[in-house]
1. Please label the shape of segment 30-118 as rounded, prolate or oblate, based on the square roots a ≥ b ≥ c of the eigenvalues of the alpha-carbon gyration tensor (a/c under 1.5 means rounded; beyond that, a/b larger than b/c means prolate, else oblate).
2. Among 59-70, 95-106, what's the highest-first ranking by average C-beta atoms within 10 angstrom per residue?
3. Given points 7 Å out from each Cα along the Cα-Cβ axis, report the S75 to S46 separation in nanometres with one decimal.
4. Using amide H atoms built 1.01 Å from N in the peptide plane, name the residues 5+ places from K71, or on other chains, whose amide H lies under 5 Å from its own.
5. Please give the length that would be gained between E103 and T23 if that part of the chain were fully extended, namely 0.36 nm times their separation in residues minus their C-alpha to C-alpha distance (nm, one decimal).
Amino acid sequence: KVPANLPPAASGAASPGTGAALTPTARDRFTEKLTSSLRQHLTDPSLVSHAPVVAAEVERALAAATARAPKDYASKARSLLVNIGKNDELRKMVLKRTLTAAELVSSDPRDLAPEKLK
């Protein structure tokens, strides 16, 4: 579960790959890209409008999960973007919250791949 006191993306945390402070811009950029990936191939207006909220939840969960190892943020973010972009079922599960942000972030990337690639 994502801690309630985790700062929003705009306040920064740790930097991908460097261990330095993660810029708000990097966190915001991931959230924007994830929102776009979540909206792919959607026709249900309620899910489309819900994508930015879910993307922000995933970003906060990712920041929390990588807080002790900031260099892992960028690689995990890339993995999530690729898998969500390629897996329609995963995308729907995330948007409908049948797979929570914390569960998504803690999942093995191989488990997130589309069935045809497993």
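1. Since a/c reaches 1.5 but b/c is at least a/b, the shape of segment 30-118 is classed as oblate.
2. Averaged packing, sorted descending, gives the order 59-70, 95-106.
3. Label-label distance for S75 and S46, simple model: 4.0 nm.
4. Long-range HN contacts for K71: G17, G19.
5. 26.4 nm
Throughout, read-outs are computed from the coordinates displayed, never taken from laboratory work. The shown structure was predicted, so the numbers you read here are calculated from the model rather than taken from an experiment. Counting neighbours? That spans all protein chains shown, and the Cβs are built from the backbone with ideal geometry, glycine included.
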